[in-house]
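Participant: Sharing a structure, written as structure tokens. Questions coming.
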Amino acid sequence: MIFHFRSLIILSVCYFVTASPIQKVDPECDYNITQLIESKGYKCEEHKVTTKDGYILGVFRIPHGRNGSSSTIGRPVLLQHGLLDAATTWVMNYPDQSLAFILADIGYDVWLGNMRGNRYSRAHTKYDPNHDEQFWNFSWDDMARDDLPSMIYYILNVTKNTQIGYVGHSQGTLIAFAEFGNLNNNLQNNVSFYASLAPIAHVGHQKTPLKYLDTDSKELERYWHKLFGRNEFLPASNILKWLSKYACAEFFVDRLICENMLFIIGGPDTKNMNSSRMSVYASHGPSGTSVQNMVHFMQCGRSNQFQAYDYGSPEKNQQHYNQTTPPLYSMHSMKVPTAIFWGGEDWLADPVDVAYVFDNIPNLIYEKYIPNYNHFDFVWAITANKIIYQDLINVMQKYHPIQ
């Protein structure tokens, strides 16, 4: 039976059992993104961005820092979350540790994007995500082609700027590599700087336990739909527990934390994170995506190609792409100045796969390797402000100054 995994995780990690009655660990487990931002003393705006194919994306804005005002708004920067995540990922630590707050305090106009299908983007002009299967017929192809340009052009229109700074994590880097190098549009001309945290293009060497849900059958999509249905990706409890055994067997990590899908994907070693915030991290994710999107990641892992979604037969691919195989993406035409930050203990952005990015990116302006960082340390580690964000900001100010 498929169950609402997100609700279970909130109950599991936001409360603990002692000799006394169940006690709450942290009130921020129950906050939405607006409450997370405003509770730290920042202004938060909610915007709705509609894509060409009708998805309504929740985009949030921190226009200035705690000591700023509407008269001192700087240039815009878009922060884009990763797989199964949401914009909350950028604001879950304290102000001096969260990238969104740090950027706002030094003067940037900070925008936080949400991809179609996550908890802040479960709306459509035509389809109901709770009843219409058509709503969930998407993968990261659609996020790159429609969601990313829609958000960037919306932000530029609101702010009256001509260029934006972009910071992506995980899937947020994948869609950027796919779309910024697309010769069929001019989107990259509107991006003056791109910071890639835990970069993804190839995933053939990933170490996540999700690889155990691959199959030798040629019918990978049918296999996953049998396990998880055809709509939102909400793993069944027995499958999740089975995965967690592979994820946690060699690590001294709390079992309930390890049964959170985000930690299973990114690596469960939490030594770089603030232990007092673990319940907050886990309660705000996973934030949802489609089964089709997960299948696309599995396809890319199997083929080890930077490739569009495979519809399963030459005939179906011909209908969608006018060729019998899914087209390959290329970043050779991507001229956006790019800084890359990557980790040695990252289960999803494995260093072997990251090498593909270095071999193909044409305008690398900075790179930094952090040997002991896993996939989510780039957004949640208590040391990220010093190890990553200081360098990121120094480079970004050369290519995308605050004013």
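Participant: Restricting the search to segment 140-171, which residues are under 13 Å from the mean Cα position of the chain (by Cα) and assigned to a loop (DSSP other than H, G, I, E, B)?
Facilitator: Matches in segment 140-171: 170 only.
Participant: Quick one: is residue 118 touching a residue at least 40 places away in the same chain (Cβ under 8 Å), in a loop (DSSP other than H, G, I, E, B), more than 19 Å from residue 156 (Cβ to Cβ) and not aromatic (Phe, Trp, Tyr)?
Facilitator: It is true that residue 118 is touching a residue at least 40 places away in the same chain (Cβ under 8 Å), in a loop (DSSP other than H, G, I, E, B), more than 19 Å from residue 156 (Cβ to Cβ) and not aromatic (Phe, Trp, Tyr).
Participant: Which of the numbered conditions does residue 124 fail, given that it passes all the others? Conditions: (1) within 20 Å of the chain's Cα centre (by Cα); (2) in contact (Cβ under 8 Å) with a residue 60 or more places away in the chain; (3) surrounded by fewer than 24 Cβ atoms within 10 Å (Cβ to Cβ); (4) under 22 Å from residue 293 (Cβ atoms).
Facilitator: Residue 124 satisfies all of (1) within 20 Å of the chain's Cα centre (by Cα); (2) in contact (Cβ under 8 Å) with a residue 60 or more places away in the chain; (3) surrounded by fewer than 24 Cβ atoms within 10 Å (Cβ to Cβ); (4) under 22 Å from residue 293 (Cβ atoms) except (1).
Participant: I would also like to ask the following. Is it the case that some residue within segment 146-169 is small (Gly, Ala, Ser), open to solvent by less than 10 Å² (accessible area, probe 1.4 Å), over 26 Å from residue 288 (Cβ atoms) and in contact (Cβ under 8 Å) with a residue 40 or more places away in the chain?
Facilitator: yes
Participant: Kindly evaluate residue 366 against the criterion of being among the aromatic types (Phe, Trp, Tyr), more than 21 Å from the chain's Cα centre (by Cα), at pLDDT 95 or above and open to solvent by 10 Å² or more (accessible area, probe 1.4 Å).
Facilitator: Taking the combined requirement at face value, the residue satisfies it.
Participant: Just checking, which of 304, 385, 360, 322 is without any contact (Cβ under 8 Å) to a residue 24 or more places away in the chain and of a type outside the set (A, V, I, L, M, F, W, C)?
Facilitator: Sole residue among the options that is without any contact (Cβ under 8 Å) to a residue 24 or more places away in the chain and of a type outside the set (A, V, I, L, M, F, W, C): 322.
Participant: Just give me the residues in segment 73-98 being in a loop (DSSP other than H, G, I, E, B) and within 23 Å of residue 140 (Cα to Cα), in sequence order.
Facilitator: Of everything in segment 73-98, those that are in a loop (DSSP other than H, G, I, E, B) and within 23 Å of residue 140 (Cα to Cα) turn out to be 81, 82, 83, 84, 85, 86.
Participant: If you don't mind, another one. Collect the residues in segment 1-33 that are at pLDDT 50 or above, surrounded by 15 or more Cβ atoms within 10 Å (Cβ to Cβ) and assigned to a helix (DSSP H, G or I), keeping them in residue-number order.
Facilitator: 28, 29, 33
Participant: Which members of segment 278-291 meet the condition of being touching an Asp or Glu at 6+ places or on another chain (Cβ under 8 Å) and either under 18 Å from residue 115 (Cβ atoms) or in a loop (DSSP other than H, G, I, E, B) (or both)?
Facilitator: If we filter segment 278-291 for residues that are touching an Asp or Glu at 6+ places or on another chain (Cβ under 8 Å), which is where we start, we get 278-280, 283, 285-291.
Hits for segment 278-291 are 285, 286, 287, 288, 289, 290, 291.
Participant: Quick test of your reading of the structure: residue 331 fulfils all but one of (1) surrounded by 21 or more Cβ atoms within 10 Å (Cβ to Cβ); (2) of a type in the set (A, V, I, L, M, F, W, C); (3) not in a loop (DSSP other than H, G, I, E, B). Name the failing condition by number.
Facilitator: Condition (3) is where residue 331 drops out.
Participant: Specify the residue that is surrounded by the most Cβ atoms within 10 Å (Cβ to Cβ); the eligible residues are those in segment 347-361 that are part of a loop (DSSP other than H, G, I, E, B) and touching a strand residue (DSSP E or B) at 6+ places or on another chain (Cβ under 9 Å).
Facilitator: 349
Participant: Then there's this: Can you work out which of the residues in segment 175-186 that are buried (at least 20 other Cβ atoms within 10 Å of the Cβ) and in contact with a Pro (Cβ under 8 Å, 6 or more places away or on another chain) is nearest to residue 47 (Cα to Cα)?
Facilitator: If we take residues in segment 175-186 being buried (at least 20 other Cβ atoms within 10 Å of the Cβ) and in contact with a Pro (Cβ under 8 Å, 6 or more places away or on another chain), then 179 is nearest to residue 47 (Cα to Cα).
The values are calculated or read from the model by the stated rules, or taken from the named source; none is laboratory data. In this text the structure is predicted, and so the values were computed from the model without any measurement. All Cβ positions, even for glycine, are placed from backbone atoms using ideal geometry, and neighbour counts span all protein chains on display. Ligands, DNA and RNA are excluded from the accessible area calculation, which covers all protein heavy atoms including side chains. Shrake-Rupley method; radii C 1.70, N 1.55, O 1.52, S 1.80 Å.
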